[in-house]
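Report on the following structure.
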Amino acid sequence: MSLSPSPEQQKKSAYPLDTWFTWLTIIGILVNASGLLLPILEPDGALYATIAKNMAQSGDFVKLMMEGNDWLDKPHFPFWITAISFKLFGINSFAYKLPGLLFWMAGIYYTYAFANKLYNKQTAQWAVLIYISVEHLILSNNDVRAEPFLTGLMIGAAYYYYLAYRDNKFKNYIAGSLLLAFAIMTKGIFIGCMVLAGFVIEWIIKKDWKQFLNYRWYVSLLMVLVFILPELITLYLQFDQHPEKLVFGQHNVSGVRFFFWDSQFGRFFNNGPIKGSGDKFFFFHTLLWAFLPWSIILYLLVGSALKNYKTIFSKDGNYICSGISLAGFLVFSISRFQLPHYTNILYPFFAIVVANWLLNLKHKGLLKAITYSQNTLYYLLFAACIGLTFLVNLPYKIPAIVMLALLAFAMVRFFSGNSLQHILTRSFGVIMVVNLFLNGLFYPTLFQYQCGNAVAASLNAQRQQHVYMFNNVSSEYAFQFYYKGTIHTIDPQQLDTLKNNIVAYTSQEKVDALKKMGYQVRVVEQFSHFHISQMTGKFLNYKKRDQVLEHYVIASIQPWHGSQIQAHHFSPVVGPVGFIVPHIQGVLNSFAGKHRA
């Protein structure tokens, strides 16, 4: 079995690679785009969308603001691009997700071009098919954060730097530096370190010492610094020029220092304002599901490389992609701050490395292992979709199951047998079906439990222009993004100062506490809520789902009246202690006022 069939095998194959590559690529793009019209997932996606919304509405492209506060966590580039998209297409889910998808699609072009330059056309085609079918990349085109931007920018920067390395043309140094600067203005300085590490590893292995003396590389680094000046200037204007601002609970916070040190090295060493608890093996088991359906092949590749490490290094090899992959994976694994989507930016490089390995694979034992594992995975993924249909209690069960069964049968018939080419094509096909199932049936069902969307839709329909939110009730930001009116943040202590009824979006728990304290609160509408981007077994199981649901409400709260003093005074002492003292003070002030009158 080989991905490079003989002329006789090609004649027997009804579907040679060149015949169906374009169609599979189009299918892959459409599946990745199938989440464009779905709502934005909380919390991070909705948070970033709301920040970009604030930027687009205010016209202030310098400051990153959230809930009236200065926001210092991520650089500006994706917010600039998204705000421009909002200006062009309006403030909606499609306009938020489209830029990320376009940058991911740029990754298709650069993955193909890079693999073709490094190896050949067939490697490039398989690298693209692997890239567009990686599970976590598809998920990230629905749950858009910074990673789709970074994925296209990193592989693009590496591609142009490779051309510069090969041809030493200044235009390629410029293009590589520009894309690398965009990537750094998306995530931070570590991105540049990862890309350049791949080239340094290549030069060391090949003993190409003259590259370290090539002044154009140092000029390219200087160009990167010049190209990131917009980021540095905006950070200086928003933070460094205003030491009085309170950021991360501190004054005198430097945005420029945060960008160069605390945001990246601070997380790496866990001594910055944003801390985590790292597990050095976190990404080893994350890859098992995130790099589906190619994760087992990747593990086999790594195992083979470790076993035959003495034969890896040769002057004829290409080590840039594997060097970037290794450097990035080690940085993420050693870091104390880890999230599954961090490794997404490495997947274009993984795809090229895996494609090249498969094309040259001759080991019968490994080929047999791939055959069994991919065939097993094929049926397991279809079974998982059918199982989810019943576990979650999805609508249209019978049509969904029939369609899944027909697609499973059709792909086995269309790409029949155990040639490696057809096995891998079936792997590609099943992940496409899985994600059509997720975006077409699974997520639309679960979004009814992300209540911020529904609350905003209800208030928008009522043309409610002003809504209040309590500052000590957590928000997951979808409401802020989808609501078209003005949101006022209010402290519970301020309720005594109200002159008129207010409409509030808050938790049922908060309403119950206010009622026990004597406030007149009327629930207008109640909504079930769950953090659906972090699903649990109980939530997925529709029979146990009610056990983990929270409840949020649209409520009408009346201003405080003297007639409520007695009820308030004798109500049970419940809720946070912070509520009690201010209201006792309010009662005493009211009593004193009556006597003065």
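The values are calculated or read from the model by the stated rules, or taken from the named source; none is laboratory data. Since the structure is predicted, the reported quantities are computational estimates derived from the model, not experimental observations. Glycine also receives a Cβ, built like all others from the backbone with ideal geometry; neighbour counts cover every protein chain displayed.
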Report every pair of residues separated by at least 6 positions or lying on different chains whose Cβ atoms are under 9 Å apart, first residue within the range 144-173 and over 20 Å from residue 323 (Cβ atoms) and assigned by TED's automatic domain parsing to the domain that holds residue 321, second at pLDDT below 95 and of a type in the set (Lys, Arg).
145/74; 146/74; 146/187; 147/187; 149/187
Filter result for residue 358 (buried (at least 21 other Cβ atoms within 10 Å of the Cβ) and modelled with pLDDT under 95):
yes
Taking the range 475-509 and keeping only residues that are buried (at least 20 other Cβ atoms within 10 Å of the Cβ) and among the basic types (Lys, Arg), one is left with none
Hey, residue 353 crowded, with 16+ Cβ neighbours inside 10 Å and not aromatic (Phe, Trp, Tyr) or not:
yes
Say whether the condition of being outside any helix (DSSP H, G or I) and touching a helix residue (DSSP H, G or I) at 6+ places or on another chain (Cβ under 7 Å) is met by at least one residue in the range 417-426.
yes
Inspect the range 203-211 for any residue being surrounded by fewer than 18 Cβ atoms within 10 Å (Cβ to Cβ) and over 21 Å from residue 322 (Cα atoms) and give the result as yes or no.
yes
Kindly indicate whether residue 86 is assigned by TED's automatic domain parsing to the domain that holds residue 101 and either touching a His at 6+ places or on another chain (Cβ under 7 Å) or crowded, with 22+ Cβ neighbours inside 10 Å (or both).
no
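So that you can scan it fast, the table gives a plain yes or no per residue for (1) assigned to a helix (DSSP H, G or I); (2) at pLDDT 95 or above; (3) surrounded by 13 or more Cβ atoms within 10 Å (Cβ to Cβ):
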| site | (1), (2), (3) |
| --- | --- |
| 321 | yes, no, yes |
| 324 | yes, no, yes |
| 341 | yes, no, yes |
| 368 | yes, no, no |
| 374 | yes, yes, yes |
Among residues of the range 236-258 being in a helix (DSSP H, G or I) and in contact (Cβ under 8 Å) with a residue 60 or more places away in the chain, the residue surrounded by the fewest Cβ atoms within 10 Å (Cβ to Cβ) is 237
I'd like to check something: does the range 206-226 contain any residue that is in the same structural domain as residue 60 (by TED's automatic domain parsing), over 21 Å from residue 345 (Cβ atoms) and among the polar types (S, T, N, Q)?
yes
Mind telling me which of the residues 382, 415, 349 ends up being farther than 30 Å from residue 73 by Cα and in contact with a Ser or Thr (Cβ under 6 Å, 6 or more places away or on another chain)?
415
Given the options 187, 171, name the one that is under 22 Å from the mean Cα position of the chain (by Cα), of a type in the set (D, E, K, R) and either modelled with pLDDT of 95 or more or crowded, with 20+ Cβ neighbours inside 10 Å (or both).
187
